[in-house]
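Asker: Quick one: this structure, given as structure tokens, is what I'll be asking you about.
The values are calculated or read from the model by the stated rules, or taken from the named source; none is laboratory data. In this text the structure is predicted, and so the values were computed from the model without any measurement. Cβ placement follows ideal geometry from the backbone for every residue including glycine, while neighbour counts extend to all protein chains displayed.
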There are 2 protein chains.
Amino acid sequence: MTDKPVTACVLVIGNEILSGRTQDANLSFLGRRLNEIGIRLTEARVIPDIEPVIVETLNEVRARFDYVFTTGGIGPTHDDITAGCVAKAFGHPLTLNPEARARLEAHYPPGQLNEARLRMAHTPEGARLIDNPVSTAPGFQVENVFVMAGIPAIMQAMFEGIVHRLVGGKPLLSRSLTIAIGEGNIAQDLGRLQDTYPDVEMGSYPFNRQGNIGTRLVLRATEPARLDAAARELDGIVKALGGAGEWDPDPSKPGGAA
Amino acid sequence: MTDKPVTACVLVIGNEILSGRTQDANLSFLGRRLNEIGIRLTEARVIPDIEPVIVETLNEVRARFDYVFTTGGIGPTHDDITAGCVAKAFGHPLTLNPEARARLEAHYPPGQLNEARLRMAHTPEGARLIDNPVSTAPGFQVENVFVMAGIPAIMQAMFEGIVHRLVGGKPLLSRSLTIAIGEGNIAQDLGRLQDTYPDVEMGSYPFNRQGNIGTRLVLRATEPARLDAAARELDGIVKALGGAGEWDPDPSKPGGAA
């Protein structure tokens, strides 16, 4: 663990997300899991299957964030161009990875490992493989860039296999409170509380559930004592406004759990 | 309608999406609806509630894309900073918009339009309002930037109210075919078909439904005749591979429908 904040960017690669045809399901998983290990997802981008866009974006974000995770575009078809783009971004040749090839050879019945599927054994030279316990074809890591599949079940399995390679900072802890008060009625007090606790991030999310208006308030901080102190004050504010707040059941769990 | 391709970028603004606490639901709606009116969602970014990040990102993408749509951060609390950031990005002062104020005054019971809620009547000077038929507090437009709420029901209502302000190109039409063939087995033929039809975008999306492996193939083009021709050839390829394909029922619908 490091004392500095550790940042990450996710690149979701794929026309099908931008067309609205497929709903991305990877971002929320990665945001939550990264937070649990002390890495903050600081930005995410959804970009199309267009080589210069992927190369340029990758070079921008890998310089700007501690870690970059890509999802999508590593299958056997012509529209799977992520590996080639990563190679180009790093200026490494894209070559047949012997270990990846061996895994695919062991996986497919004789005659099934055709030219298209062999595309999935190509990585930028020197890349470190990421295991795929679901369907074998591996992802890979080059420096701070982790290239994973787009299918959620595979991406999640790949991620769990690389967690030990990641060095996080202090996890953001969170507590969240649901109140039957419109956010406009608590906004001023909340703003003042935020000023008092600049090290506790305070978010306010209004909802309307079948006509029942309310607000979910989320406090996040790395220091448990500061989080508790802010939560106690917030509780007092809600009571003074005549409201009853309901805290999420497990305040000790990291950020995304509530 | 214009003959040129028309592009858009969506900025999803909010820590709660990056923490994984909230699953974004606006991107797929906007991708689909924009496509229906001939505007192509070319990139999306999820960014945190941090002023310099929002300002810098906004200035980058509003220069690069024909339209920019933002979601989130226009409520009454201290973490709702989108309006101020848009003002800063354009170099306009953030001022109380009289029309927005009048709408809020008509909406809230006497005494309820407090200072916090009046924040929602502030826009960059000269902004054009975007109606909010759900909860009154308006969004706004400055040049090619449309600022909308984050709550999906409100965002969708706002979007339908601005559709007439948008000028699209030719909508991307699409047809999609589901086959019980692994994508590695059709990849080579599909790649060749893509080479023959550079004006038809061909996507391949593998799935594994309870052990049934298959592929969804999506063809997208602006010219119906080219789309039909590519679809006929693809149908032939699938039959030659001994597979049976199932086309989506309504091929005449625009891109995101299938």
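Asker: Among the numbered conditions (1) within 30 Å of residue B:120 (Cα to Cα); (2) in contact with a Gly (Cβ under 8 Å, 6 or more places away or on another chain); (3) modelled with pLDDT of 95 or more, tell me where residue A:180 comes up short.
Answerer: (3)
Asker: Still on this structure: For the range B:148-164, which residues satisfy the criterion of being under 19 Å from residue B:35 (Cα atoms), within 14 Å of chain A (Cβ to nearest Cβ) and touching a strand residue (DSSP E or B) at 6+ places or on another chain (Cβ under 6 Å)?
Answerer: B:155, the sole residue that qualifies.
Asker: OK, next. Just checking, which of B:135, B:176 is within 14 Å of chain A (Cβ to nearest Cβ) and not in a loop (DSSP other than H, G, I, E, B)?
Answerer: Being within 14 Å of chain A (Cβ to nearest Cβ) and not in a loop (DSSP other than H, G, I, E, B) holds for just one of B:135, B:176, which is B:176.
Asker: While we're here: Mind checking which strands (runs of 3 or more DSSP E) fall wholly inside the range B:1-113 and carry at least 2 residues that are buried (at least 20 other Cβ atoms within 10 Å of the Cβ)? Steps first, please.
Answerer: On the way: elements: B:6-13, B:39-47, B:67-71, B:94-96.
Here the list reads B:6-13, B:39-47, B:67-71.
Asker: Let me ask something else about it. Looking for something in a loop (DSSP other than H, G, I, E, B) and either at negative phi or free of Cβ contacts under 8 Å to residues at least 60 places away in the same chain (or both) - is there at least one such residue anywhere in the range B:159-167?
Answerer: Scanning the range B:159-167 turns up at least one residue that is in a loop (DSSP other than H, G, I, E, B) and either at negative phi or free of Cβ contacts under 8 Å to residues at least 60 places away in the same chain (or both).
Asker: For residues in the range B:209-235 being in a strand (DSSP E or B) and farther than 28 Å from residue B:4 by Cα, which is farthest from the chain's Cα centre (by Cα)?
Answerer: Ranking the qualifying residues of the range B:209-235, first place goes to B:212.
Asker: If you scan the range A:204-236, which residues turn out to be among the basic types (Lys, Arg), over 19 Å from residue A:38 (Cβ atoms) and either in contact with a Ser or Thr (Cβ under 8 Å, 6 or more places away or on another chain) or at pLDDT 95 or above (or both)?
Answerer: Correct list: A:216, A:232.
Asker: Do we have residue A:45 as under 18 Å from the mean Cα position of the chain (by Cα) and more than 14 Å from every other protein chain (Cβ to nearest Cβ) here?
Answerer: Judged against the criteria, residue A:45 is not a match.
Asker: Can you report the number of residues in the range A:82-105 which are under 22 Å from residue B:181 (Cα atoms) and touching a residue at least 24 places away in the same chain (Cβ under 8 Å)?
Answerer: 2
Asker: If you check A:145, A:200, which single one turns out to be over 30 Å from residue A:249 (Cα atoms), buried (at least 21 other Cβ atoms within 10 Å of the Cβ) and either away from chain B (no Cβ under 11 Å) or at pLDDT below 95 (or both)?
Answerer: A:145
Asker: When you look at residue A:167, is it away from chain B (no Cβ under 14 Å), in contact with a helix residue (DSSP H, G or I) (Cβ under 9 Å, 6 or more places away or on another chain), of a type in the set (Val, Ile, Thr) and under 30 Å from residue A:137 (Cα atoms), yes or no?
Answerer: No; evaluated as a whole, the condition is false for this residue.
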